[in-house]
Amino acid sequence: MYIRKSTRTYKGKTYTNYLLVESIQTPKGPRQRTICSLGSLEPGPVEDWLGLAHKLESALRGQGSLPESSEELKSWAEKARQSSSRSDCGRSGSTITVATDDIDMEQAREAGPEHVGHQLWRQLGLNPILQRAGLSHRACMLTEVMTLNRLIAPSSEHAMPDWIRRTALADILGQDFSRLEDEALYRNLDRLHPNREHIERELAEKEKTLFNLDDSVYLYDLTSTYFEGQAKANPQAKRGYSRDQRPDCKQVVVGLVLDRDGFSKAHEIFDGNIQDRRSLDQMLDVLEKRTGKRVGGTVIVDRGMAFDENLEQIRKRGLHYLTAGRQAERNQWLDELENDTGWEQIHRTPSPRNPFQKKTRVEIKRQQKGNVVYILCRSEGREEKDRAIREKQETKMIADLTKLQQRVAKGRLKDENKIQRSIGRLQERYPRVARYYEISYDGDDKNLSWKELADKKAIAKKLDGSYVLKTDRQDLTADEIWRTYILLTRVEDAFRDLKSPLMERPIFHHLQHRTQTHIFLCVLAYHLLTAIEHRFLQAGIHTSWATIRDQLRTHQVVTIVLPEDQHGRVLKIRKATIPEPEHRLIYETLRIPAEVMRPVKTWYQTERSDEKNLK
């Protein structure tokens, strides 16, 4: 606080007034606020005004006496106190006498992660997008809290209302969630389901503009998500190849398309037993609906979708392809893979999080066959991995063949057709190693046997650590092709995010439309997660949402209880704690305000005061 002199001329006469003012911080910058007027008092020399202002501030804050002060100073303080009380100075009840021993705090609620999630929700313009899709204000609000739950502390719709009440979401959103029940959240899933395509399309366009994204590269891959229970009411829930190592559970397959920066462009839910190659054409249709026709873009897929029919599906849409060659194509380049001439080494920089990281050696060689560019690759790290996978599969296949041989020898399996089908199933289960074993069944001797094909096994050993990339892009160097294909690992990272911090699995919904909307909410939460991590990457900070979330948990909203000493009333102030330096750094990096909420003041009359008034 300080004293400011104010003059005004009226009818040729100058009037002087002295004001006690303070500086406050507003959204538009620092501003001066008048505490009270001191009238025409002469406060003495200008150099003494600051000390006088401090003493008057002490008086206004409830200090009972002003030591070493003149009677005149005490009268000024009393006048300032009375003037402040009379004019209220725009902040009623800001000065009270408090019983300090009874000061308390209550209803502490986590606010940091929720504040970040809410602000990113606003930055992405999700409420207007939902409203244009036809959702009401309440539906938009419920969709936001359900998405924030996936982002911060994933739980079922049944447990979600209790989680919402344990956080500061009510303070941040200005909503009363005291009566929120899970049935409202289930109904909101039903409202969201028919609007998923519209929301995803507009959101992808908003992110492209907001973050200046490049949509010339599309990364496509699939993962599976399993159910708890039989999910009989969901026709898409089937048993198939489980990426979660849960072949005992029914599942659905999730297809996801990302751009080169990791932002989701489209997703689709497939039957749980679909083959990767059968999903591509449908996914390309979905991508075109979400983003429009993008002629000249490049679609990157793994070798599970590298069949000729898949590549033709990509080309007929005016798109380019980049994929890993299948096993037969790799075998065709065995001589070139063994030839040590013409290789160039990829320069790989260590991770910014680990500057002492040692990257494995990767070498590449460019080859051309017709209109297709092939990139032969040799990797030290992959050689060890390929050998371990091959030996593990070989051990398992031999063990299963031995069990089948014993069943046949003991007469437990006699039908030759069933025996041949069992052999076929083993070959399907272990395709990596079954090709260099010859398995036969002699019906006369009732004997099952197998023989190792040494030449084919030797080829397999030579190919450990090698792989082949192919593309119809003629304008890229070998280094650019390799680095572009490696972007596909971002889809794997996205699946890890969906399954770990966002807890997409397991699925407890058994209705098809609710299962699909559950996954859609996880994708919405992934949009927020990607935007948060992208902001940090733009600032040169390599971190993860999980780390940011844990750092923000200590920023909370609390209620401060201030019992008034004289009148027996209680003032409760609901406000956020002061953000710590690490909180401020996060908010500044994400370009969001540090203020979680505006303080809310509420007066309560205590029972002691009521009894006194009755007497």
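The values are calculated or read from the model by the stated rules, or taken from the named source; none is laboratory data. This is a predicted model, so every value here is computed, not measured. Glycine gets a Cβ as well: all are built from the backbone with ideal geometry, and neighbour counts include every protein chain shown. With ligands, DNA and RNA removed, areas are computed over all heavy atoms of the protein, side chains included. Shrake-Rupley method; radii C 1.70, N 1.55, O 1.52, S 1.80 Å.
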*asked:* Pairs of alpha-carbon atoms within less than 8 angstrom and 6+ residues apart define the contacts here; what relative contact order does the chain have, in percent?
replied: 16 percent
*Calculated log₁₀ intensity ratio I(q)/I(0) where the Debye formula runs over C-alpha points of the stretch 501-591, q = 0.11, 0.16, 0.17, 0.23 Å⁻¹*: -0.56, -0.82, -0.86, -1.10
*FRET efficiency for Thr602 and Ile103, using Cβ-Cβ distance with R0 set to 22 Å, rounded to 0.05*: 0.90
*asked:* Restricting to DSSP loop positions (anything but H, G, I, E, B) with no more than 15 other Cβ atoms inside 10 Å of their own Cβ, which chymotrypsin sites (Phe, Trp or Tyr not before Pro) remain in the stretch 181-259?
replied: Tyr241
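Share of Cα-Cα pairs in the stretch 219-324 beyond 22 Å, in percent?
Tail of the P(r) past 22 Å holds 33 percent of the pairs.
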*asked:* Along each principal axis of its Cα atoms, how long is the stretch 174-227 end to end? Whole angstroms, biggest number first, please.
replied: 47, 35, 18
_List the pairs from Lys396/Lys418; Lys206/Lys359; Lys238/Lys396 whose alpha-carbon separation is above 28 Å, in the order I gave them._
Lys206/Lys359
_Quick check on the stretch 119-168: what does the Kirkwood estimate of hydrodynamic radius come out to from the alpha carbon pairs, in Å?_
11.5 Å
*Decide, for the stretch 337-492, between rounded, prolate and oblate: order the square roots of the alpha carbon gyration tensor eigenvalues as a ≥ b ≥ c, take rounded if a/c falls under 1.5, and otherwise choose prolate if a/b is larger than b/c, else oblate.*
prolate
*Taking the chain as the reference, fit the longest principal axis to its C-alpha atoms, fit the long axis of helix 137-152 to the helix C-alpha atoms, and give the angle between the two in degrees, 0 to 90, nearest 10.*
70 degrees
*Interchain or long-range residues, amide H under 5 Å from Val217's placed H*: Arg260, Thr298
*Could you work out the helix-only [θ] at 222 nm for the chain, with each DSSP H run of four or more residues adding -39,500 (n - 2.57) and the total divided by the number of residues, to the nearest 500 deg cm²/dmol?*
-13500 deg cm²/dmol
*If you stretched the chain out fully between Glu428 and Ala399, how much longer would it get, using 0.36 nm times the residue separation minus the C-alpha to C-alpha distance?*
8.9 nm
_Please list, ordered by chain and number, the residues whose modelled amide H lies under 5 Å from the amide H of Gln275; skip anything fewer than 5 residues away on the same chain._
none
_Over the chain - Rg/Rh using Cα atoms and the Kirkwood inverse-distance radius_ = 1.15
*Out of every Cα-Cα pair in the stretch 475-552, what percent are more than 20 Å apart?*
48 percent
*Quick one: grab the alpha carbon gyration tensor of the stretch 171-277, order the square roots of its eigenvalues as a ≥ b ≥ c, and give me rounded if a/c is under 1.5, else prolate or oblate depending on whether a/b is larger than b/c.*
oblate
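Can you give the % of DSSP beta bridges in the chain that are antiparallel, to the nearest 5?
Close to 90 percent.
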*Setting aside same-chain residues fewer than 8 positions from Lys232, which lysines have a Cα under 26 Å from its Cα?*
Lys250, Lys499
*Based on Cβ point charges of +1 for Lys and Arg and -1 for Asp and Glu, what charge dipole magnitude is obtained for the chain about its Cα centre, in debye rounded to the nearest 20?*
780 debye
*Hey, what angle do you get for helix 49-60 against the long axis of the chain, alpha-carbon based, 0 to 90 degrees rounded to 10?*
80 degrees
*With a ≥ b ≥ c taken as the square roots of the eigenvalues of the C-alpha gyration tensor of the stretch 352-429, please select rounded if a/c is under 1.5 and otherwise prolate if a/b is larger than b/c or oblate if it is not?*
oblate
*Over every pair of different alpha-carbon atoms in the stretch 406-521, take the mean of 1/r and invert it; report that Kirkwood radius in Å.*
19.8 Å
_Solvent-accessible surface ranking, highest first, for Lys462, Lys359 at 1.4 angstrom_ = Lys462, Lys359
*Going by alpha carbons, how many degrees (0 to 90, nearest 10) lie between the helix axis of 196-211 and the longest principal axis of the chain?*
70 degrees
